[in-house]
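Remarks on the structure that follows.
Each value in this text was obtained by applying a stated rule to the coordinates, not by laboratory testing. Owing to the predicted nature of the structure, the values given are computational and were not obtained by experimental measurement. Positions of Cβ are generated from backbone atoms using ideal geometry, with glycine treated the same way; all protein chains shown enter the neighbour counts.
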């Protein structure tokens, strides 16, 4: 709210300046007009006013764009939304550990795209198929250093994850950093994107 109010005051000041500029351009056109020129006086003044009007419309459009939540800074007063997203992160963690495919299906958006630490890209259907087949088995998943940033109807989560589990015959246990993106659709937050990176041992030791 404070960021929006500040942007509103800035726009109001800019509008006042442009109105003043329009007035001064009109006065200047009136002063600069010479009867011996071929230009009609009313056309001369009108041209100056139109020039200021174009600038005024541009600033008005800019103010409308800046007022949209997607173009604003992360809202500091969105504590309730932060808590909602943190709760969804916990729901996802529990669903992964218990292999609750129904809950995963509910949390993932239909157009979800995930990128694993080895660069594999998977859709929602592919991700759920792996879980149904039991290909991925997660024994434990501990999250920390979780941060949530909210931009209108989009929330970005970054966190560290200490994971113990397997993917087929491969041991995927280790420390990871990940980014998960939520989007609010029809009143519900859905996971639309996920990307994970394995942490190097040196980086992991520094954080312990």
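Between residue 135 and residue 87, what FRET efficiency follows from the Cβ-Cβ distance if R0 is 35 Å, with the result rounded to 0.05?
0.80
Only counting other Cβ atoms within 10 Å, I'd like 172, 115 sorted with the fewest neighbours first.
Ordered from fewest to most neighbouring Cβ atoms within 10 Å, 172, 115 come out as 115, 172.
From the mean inverse distance of alpha carbon pairs (Kirkwood) and the Cα radius of gyration, derive Rg over Rh for region 79-207.
We get a ratio of 0.95 for region 79-207.
If you stretched the chain out fully between residue 99 and residue 198, how much longer would it get, using 0.36 nm times the residue separation minus the C-alpha to C-alpha distance?
Contour length minus Cα-Cα distance gives 33.5 nm.
Can you give me the relative contact order of region 79-207 as a percent, contacts being Cα pairs under 8 Å and 6 or more apart?
22 percent
In nm, to one decimal, how far is the modelled label at residue 188 from the one at residue 117, with both set 7 Å along Cα→Cβ?
Rounded to a tenth, the inter-label distance reads 3.1 nm.
By count of other Cβ within 10 Å, fewest leading, how are 149, 132 ordered?
In order of increasing Cβ crowding within 10 Å: 132, 149.
Take 112, 176, 182, 151 and order them by how many other Cβ atoms sit within 10 Å, fewest up front.
Exposure proxy ranking, most exposed first: 151, 176, 112, 182.
Quick one: length gained pulling residue 162 to residue 146 fully straight, 0.36 nm per residue minus the C-alpha distance?
Gain on stretching residue 162 to residue 146: 4.5 nm.
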